[in-house]
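Trainee: Please read through the structure below; I'll follow up with questions.
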Amino acid sequence: MPLILVAGAKIQCTHAGIAAIPSGDERLTIGGNGAVTAGMEAGISFAPGSPGVLTPCPFTDPKSDSPAPCRGTQAATAGKSGILSVGGAAVLLDTATGVAVNTSVPTATWTVADAGQQLFSVDS
């Protein structure tokens with residue numbers, strides 16, 4: 001069964017950049033951390049120096065040979081719970097994935113690297 005993402009969960013872009021989701025909804029906590037609901041994962045950057053970046057996206061544009069890190073995430077396209085929500089927003093599961101914005105690579109994506117907890121799972 002998939003785990004619920006909580007504040008501090010780590011997501012990873014196609015190129016192995018890793019960033020933490022900064023917050024969750026405190027109305028549902030697991031191990032003291034708020035559950036991440038749909039929409040909280042959008043707008044996270046993997047660029048060096050961005051808030052929450054643990055490992056910057058190392059992608060280099062092959063045309064210019066200059067750094068071109070993934071600079072944002074779009075809302076999850078998969079991995080939203082169909083049975084558990086907080087305030088009307090589905091919680092995100094460790095199966096979540098979506099588009100990572102990278103102007104040099106139109107097919108960049110993000111996936112969950114670590115749910116941030118090991119205590120509670122849910123049937124999708």
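FYI, it's all coordinate maths here, none of it is from the lab. The model shown is predicted, which means the values in this text are computed figures rather than measured ones. FYI the Cβ positions are ideal-geometry reconstructions off the backbone, even for glycines, and counts take in every protein chain you see.
Trainee: So how strong a dipole does the stretch 10-114 carry about its Cα centre when Lys and Arg Cβ are +1 and Asp and Glu Cβ are -1, to the nearest 20 debye? Could the numbers behind the result be given before it?
Mentor: Details: 5 positive and 7 negative charges, 22 e Å.
Computed about the Cα centre, the dipole is about 100 debye.
Trainee: Under 5 Å between amide hydrogens, which residues at least 5 positions from residue 44 or on another chain qualify, with H placed 1.01 Å from N in the peptide plane?
Mentor: Residues meeting the criterion, in which the H sits 1.01 Å from N, are 73.
Trainee: To the nearest 0.05, what FRET efficiency results for residue 64 and residue 123 with a Förster distance of 30 Å applied to their C-beta separation? Could you put the intermediate results ahead of the total?
Mentor: Numbers: r = 46 Å, r/R0 = 1.55.
Rounded to the nearest 0.05, the efficiency is 0.05.
Trainee: Under a 5 Å amide H to amide H cut-off, with H placed in plane at 1.01 Å, what residues pair with residue 113 once short-range neighbours are removed?
Mentor: Under 5 Å from the amide H of residue 113 lie the amide H atoms of 10, 11, 12, each far enough along the sequence or on another chain.
Trainee: Arranged by the count of other C-beta atoms within 10 angstrom, fewest first, what order do 93, 5 take?
Mentor: On the way: 93 25, 5 33.
Ranking 93, 5 by Cβ neighbours within 10 Å, fewest first, gives 93, 5.
Trainee: Hey, what did the chain get for relative contact order, percent, Cα under 8 Å, at least 6 apart?
Mentor: On the way: 350 pairs, mean separation 41.2, N = 124.
RCO, the chain: 33 percent.
Trainee: Further question on the same structure: Among [x] 1.05; [y] 0.95; [z] 1.10, find the value of Cα Rg over 2.2 N^0.38 Å that was calculated from the structure presented, and write down its label.
Mentor: Label of the calculated value: [x].
Trainee: Would you mind computing, in nm to one decimal, how far apart the modelled labels at residue 83 and residue 27 are, each placed 7 Å from Cα along Cα→Cβ?
Mentor: According to this spin-label approximation, the distance is 2.0 nm.
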